[in-house]
Amino acid sequence: MEVRLTELNENEILLYLGYRGQEYPAEVEVQIKRCEKEVLAAAVPRLIWRRLPVEEVHSCGLPPESRDIRELLEGCREVVLMAVTLGQGIDRLLAKSSVSNMADAVIMDACASTAVENVADNFERDLRKELEAEHLYLTDRFSPGYGDLPLAVQKQFCTALDTERRIGLSVSSSMLMIPGKSVTAVLGISESPKLLRKRGCESCSLFRSCIYRKEGKSCHEKQDHS
């Protein structure tokens, strides 16, 4: 499957930067655009994935006692393991900018985080379309370090995908991925549709003018407490 890094969602970049609906100068917008271009130029996205029967998922490091994994894969017959990295060039760019211009470094870090999620999103979208032809359905993706899925599974997960040899992605003794801008995740394949999580604020057309974000909230929270 083709690895695709497409136009970045600037709302998502702003989320990583802690944007809460406040005004910011035009020159900051220009700075974000410039940093975005540098990150896209330095990125060499690579992806590896594997489709296997759901019965084999625990041999890949995913603990059977994880409630989140059980819920994710409930009713699924297969699983997909995936790993994405933007490559060492991004790490070098971030290291260089952190010495020469810390403001740029912060923005580039946000752009790179958005970029690696973009590659993962595009893969998920493409796979979802392929599975539709088989009358199968894909769950959301879930990554080590979230919920009750410990970060400690990262090394066995990457071993199962042979990421170091295939895409140059390794895991340190402290469970940090190298290169840093990398993502691993598991998804389930089901014969019936699965409820997907709602997209976040970054997908909303009112993101930049939202009165709730200026209060540090979301419209969902506002509705829940009204």
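Details
- Within the set Val44, Val39, the sole residue that is touching a Gly at 6+ places or on another chain (Cβ under 6 Å) and at pLDDT 95 or above turns out to be Val44.
- Within the set Ile107, Ile32, the sole residue that is open to solvent by less than 30 Å² (accessible area, probe 1.4 Å), in a helix (DSSP H, G or I), touching a residue at least 12 places away in the same chain (Cβ under 8 Å) and more than 20 Å from Val183 (Cα to Cα) turns out to be Ile32.
- Of the criteria (1) within 22 Å of Gly180 (Cα to Cα); (2) open to solvent by less than 40 Å² (accessible area, probe 1.4 Å); (3) among the hydrophobic types (A, V, I, L, M, F, W, C); (4) outside any loop (DSSP other than H, G, I, E, B), which one Leu62 fails: (4)
- In the stretch 154-208, of all residues being in a helix (DSSP H, G or I), open to solvent by less than 50 Å² (accessible area, probe 1.4 Å) and not hydrophobic (A, V, I, L, M, F, W, C), the one that is modelled with the lowest pLDDT corresponds to Glu202.
- Residue list for the stretch 72-86, filter: crowded, with 21+ Cβ neighbours inside 10 Å and not in a helix (DSSP H, G or I): Leu73, Cys76, Val79, Val80, Leu81, Met82, Ala83, Val84, Thr85, Leu86
- Flag if Leu81 is closer than 20 Å to Lys181 by Cα and in contact with a strand residue (DSSP E or B) (Cβ under 6 Å, 6 or more places away or on another chain): yes
- The stretch 1-29, residues that are open to solvent by 40 Å² or more (accessible area, probe 1.4 Å), under 20 Å from Val84 (Cα atoms) and in a helix (DSSP H, G or I): Tyr16
- Test: residue in the stretch 87-101 that is over 17 Å from the mean Cα position of the chain (by Cα), more than 29 Å from Thr6 (Cβ to Cβ) and part of a helix (DSSP H, G or I): yes
- For Leu52, the conditions (1) under 20 Å from the mean Cα position of the chain (by Cα); (2) hydrophobic (A, V, I, L, M, F, W, C); (3) in a strand (DSSP E or B) are fulfilled apart from (1).
- Single residue of Glu134, Glu117, Glu130 found to be assigned to a helix (DSSP H, G or I) and exposed (fewer than 14 other Cβ atoms within 10 Å of the Cβ): Glu130
The values are calculated or read from the model by the stated rules, or taken from the named source; none is laboratory data. Keep in mind that this is a model prediction, so the values were computed, not measured. Every residue, glycine as well, gets a Cβ built from its backbone with ideal geometry; the counts of neighbours run over all protein chains shown. Please note that ligands, DNA and RNA were not included when accessible areas were found on the heavy atoms of the full protein model with its side chains. Shrake-Rupley method; radii C 1.70, N 1.55, O 1.52, S 1.80 Å.
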